[in-house]
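The values are calculated or read from the model by the stated rules, or taken from the named source; none is laboratory data. All figures in this text were calculated on a predicted structure; none of them were measured in a lab. Note that we place each Cβ from the backbone using ideal geometry, even for glycine, and neighbour counts take in every protein chain shown. Each accessible area value is taken on the protein alone, full model and side chains, heavy atoms only, with ligands, DNA and RNA left out. Shrake-Rupley method; radii C 1.70, N 1.55, O 1.52, S 1.80 Å.
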Amino acid sequence: MSDKKEPGGNNGSGTGLIVERSKPKLKKPPMYKVLLHNDDYTPMEFVVKLLMKIFHMSQPKAEQVMLHVHTRGIGVCGVFPREIAETKVQLVIDYAMEYQHPLQCTMDLA
Ligand code: TYC
């Protein structure tokens, strides 16, 4: 007997019961890197404070990330689902603007 006319497959018993495979179709949300960009004007101490405040980094970790961005031009502050990444980017931009620093922050698919 052929299974061709049973799109969901059958159980070979001849009862016509369709066997459903129970593979969950839930997908993990796409994740985004939040990227900090270097510039020549924003003070190093300000960047460290911002990383501690917005990304909950320890001071040594924040100093490490700031120095990475300072020397390499760009660096990852964290990886988050889209809405959280968008919020972090806006918090960084708003905080920098409040103190009139030209610090730039963007996000990119991880
Ligand atoms: N380059 C800045 C300076 O020398 C420091 C800095 C680091 C600025 C990281 C932005 O994302 C940045 N004061």
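Take the conditions (1) at pLDDT 90 or above; (2) in a loop (DSSP other than H, G, I, E, B); (3) over 20 Å from the mean Cα position of the chain (by Cα); Met57 misses just one of them, which is (3). Scan the stretch 60-79 for residues that are among the acidic types (Asp, Glu) and in a strand (DSSP E or B) and the total you get is 0.
Could you check the stretch 30-79 and list, in sequence order, the residues that are under 13 Å from Ala96 (Cβ atoms), within 8 Å of the ligand (Cβ to nearest atom) and open to solvent by 70 Å² or more (accessible area, probe 1.4 Å)? Once the filter is applied, which keeps residues that are under 13 Å from Ala96 (Cβ atoms), within 8 Å of the ligand (Cβ to nearest atom) and open to solvent by 70 Å² or more (accessible area, probe 1.4 Å), the stretch 30-79 yields only Tyr41. Among the candidates Leu36, Leu26, the residue that is within 21 Å of the chain's Cα centre (by Cα), modelled with pLDDT under 95 and hydrophobic (A, V, I, L, M, F, W, C) is uniquely Leu26. Of the numbered criteria (1) assigned to a loop (DSSP other than H, G, I, E, B); (2) crowded, with 18+ Cβ neighbours inside 10 Å; (3) not β-branched (Val, Ile, Thr), the one Lys23 fails is (2).
Restricting the stretch 80-110 to residues that are part of a helix (DSSP H, G or I) and open to solvent by less than 60 Å² (accessible area, probe 1.4 Å) leaves a set whose member that is nearest to Pro43 (Cα to Cα) is Ala96.
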